[in-house]
Amino acid sequence: MAYIGVDLHTNSFTICRRETDGSETFQTFHLSAQALERFCQSLDADDELAVEATGNTAWFCGEVEPCVGRIVVVNPRQFKVIRTSVKKTDRNDARALAFFLSKDMLPETRLKSTQESELASLTRTRDMLVKQRTMLLNGIHAMFVRHGMKLKKEGLSSKKRLRDLDLSRFTPLEQVELAALRDQALGLTETLSRLDKAIEEAASAMKGFEGLTSIKGIGARSAAVLLAGIGRVEDFSDADKLAAYVGIVPKVSNSNETEHHGRITKRGNKLMRTTLVQCTLIAIRYSGYLNSHYRRIKERRGAGKAIIATARKLLKIIYDTLKNGWVFDDFVEFKIKQNQCHAVENILNCPV
């Protein structure tokens with residue numbers, strides 16, 4: 001048995017093979033099919049391998065996984081803290097991975113399935129394009145305002161109103177600019193429609209989709225973001241671990257007998273965190289339980305902290321829904337289909 005650290009790049013990878021007696025050997029391979037096959041042939045079934053999470057890590061692990069006993073994918077941000085004093089070279093990076101793997105001290109991260117990774121990438125692309133379209137529409141709005149013309153931003157979301165914009169009162173150069181902004185915005189609107197359809201189709205085939213969309217406030221696209229971001233809910237022992245993964249838990253500073261709770265950590269998937277808050281803003285309109293929790297916190301600590309606290313409460317419901325395979329028949333009354341839970345008037349009487 002050996003512990004193998006892999007410093008992976010886009011065109012090559014360097015390995016450090018650390019034997020149980022502490023001896024080390026190094027080798028560099030080109031990232032090609034032939035070289036990868038040669039590397040796999042040098043592995044034993046009980047070897048353990050560690051590699052940092054990068055763009056091509058999932059593919060690399062998929063190729064190597066049948067040849068080793070265990071693969072550890074390392075969180076590069078946390079591992080950087082461990083080896084700050086080590087000179088950064090490919091050999092030293094591979095050696096550090098192999099050494100800490102042998103001590104079982106590596107900060108492990110999670111690899112998602114191909115389906116989850118593809119859906120997550122698609123939702124990120126959609127979010128990027130939405131922001132680009134918003135910038136284009138803001139540009140159009142700013143030009144109208146500059147000429148003292150009133151134009152509601154909400155109206156620009158309509159394709160018909162966007163096409164029917166009166167550009168005649170602008171100079172020839174401004175008309176060219178406005179036409180370019182309008183055409184690009186219309187093109188992005190069409191693209192986003194296709195992405196929305198693909199996202200909803202892919203998400204609807206995933207386990208837990210029906211349960212999430214039965215929660216008032218979570219639509220098909222939001223469910224797609226949450227399912228792709230969470231991945232295997234079984235990886236989290238409880239809802240608090242999921243909350244920490246999403247980044248909506250407060251920072252804790254503990255010194256001697258003093259403990260201070262600060263702002264939320266904001267670690268993890270920003271799009272998933274934003275989506276969760278947006279879903280919460282809708283859910284509190286319908287759920288008496290979530291609404292009362294929100295208002296109670298708001299009175300003491302303000303609206304900002306109240307919505308984050310309520311989002312964490314909603315995340316607990318999402319966690320239990322995915323963990324138990326629940327589908328709500330009536331989310332407002334917390335009635336669950338298929339006799340999975342008795343109808344209740346208060347969430348505290350149900351294991352949610």
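The values are calculated or read from the model by the stated rules, or taken from the named source; none is laboratory data. Values in this document were obtained by computation on a predicted structure and should not be read as measured data. Virtual Cβ from ideal backbone geometry, glycine too; neighbours counted across all protein chains shown. Keep in mind that these areas ignore ligands, DNA and RNA; they rest on the heavy atoms of the full protein, side chains included. Shrake-Rupley method; radii C 1.70, N 1.55, O 1.52, S 1.80 Å.
Summary of computed values
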item	result
Tally of residues being without any contact (Cβ under 8 Å) to a residue 12 or more places away in the chain, closer than 21 Å to ASP196 by Cβ and surrounded by 11 or more Cβ atoms within 10 Å (Cβ to Cβ) across segment 132-154	2
Candidate set: segment 169-201, residues that are farther than 30 Å from GLU116 by Cα and of a type in the set (D, E, K, R); chosen: the one farthest from the chain's Cα centre (by Cα)	ARG169
Of the criteria (1) basic (Lys, Arg); (2) farther than 16 Å from ALA179 by Cβ; (3) in contact (Cβ under 8 Å) with a residue 24 or more places away in the chain, which one LYS159 fails	(2)
Test: residue in segment 124-143 that is in a loop (DSSP other than H, G, I, E, B) and of a type in the set (S, T, N, Q)	no
Within segment 230-266, considering residues that are closer than 24 Å to LYS305 by Cα and part of a loop (DSSP other than H, G, I, E, B), the one modelled with the lowest pLDDT	THR265
Breaking point among (1) open to solvent by 50 Å² or more (accessible area, probe 1.4 Å); (2) within 20 Å of LYS270 (Cβ to Cβ); (3) not acidic (Asp, Glu), for ALA228	(1)
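Results for (1) under 30 Å from ILE140 (Cβ atoms); (2) surrounded by fewer than 15 Cβ atoms within 10 Å (Cβ to Cβ); (3) out of contact with any strand residue (DSSP E or B) (no Cβ under 6 Å at 6 or more places or on another chain); (4) of a type in the set (A, V, I, L, M), shown as yes or no for each residue.
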position: LEU186; (1), (2), (3), (4): yes, no, yes, yes
position: ILE199; (1), (2), (3), (4): yes, no, yes, yes
position: LYS207; (1), (2), (3), (4): no, yes, yes, no
position: GLY211; (1), (2), (3), (4): no, no, yes, no
position: GLY217; (1), (2), (3), (4): no, no, yes, no
position: ALA239; (1), (2), (3), (4): no, no, yes, yes
position: GLY247; (1), (2), (3), (4): no, no, yes, no
position: LYS251; (1), (2), (3), (4): no, yes, no, no
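Matching residues to (1) within 17 Å of PHE79 (Cα to Cα); (2) in contact with an Asp or Glu (Cβ under 9 Å, 6 or more places away or on another chain); (3) surrounded by 19 or more Cβ atoms within 10 Å (Cβ to Cβ):
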{"site": "ILE4", "(1), (2), (3)": "yes, yes, yes"}
{"site": "ASN11", "(1), (2), (3)": "no, no, no"}
{"site": "THR25", "(1), (2), (3)": "no, yes, no"}
{"site": "HIS30", "(1), (2), (3)": "no, no, no"}
{"site": "ARG38", "(1), (2), (3)": "no, no, no"}
{"site": "SER42", "(1), (2), (3)": "no, no, no"}
{"site": "CYS61", "(1), (2), (3)": "no, no, yes"}
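This table checks each residue for (1) at pLDDT 95 or above; (2) open to solvent by 50 Å² or more (accessible area, probe 1.4 Å); (3) of a type outside the set (Phe, Trp, Tyr).
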| position | (1), (2), (3) |
| --- | --- |
| GLN278 | yes, yes, yes |
| ILE282 | yes, yes, yes |
| HIS293 | yes, no, yes |
| ARG296 | yes, yes, yes |
| ILE307 | yes, no, yes |
| LEU314 | yes, no, yes |
| TYR319 | yes, no, no |
| GLU333 | no, yes, yes |
| GLN340 | no, yes, yes |
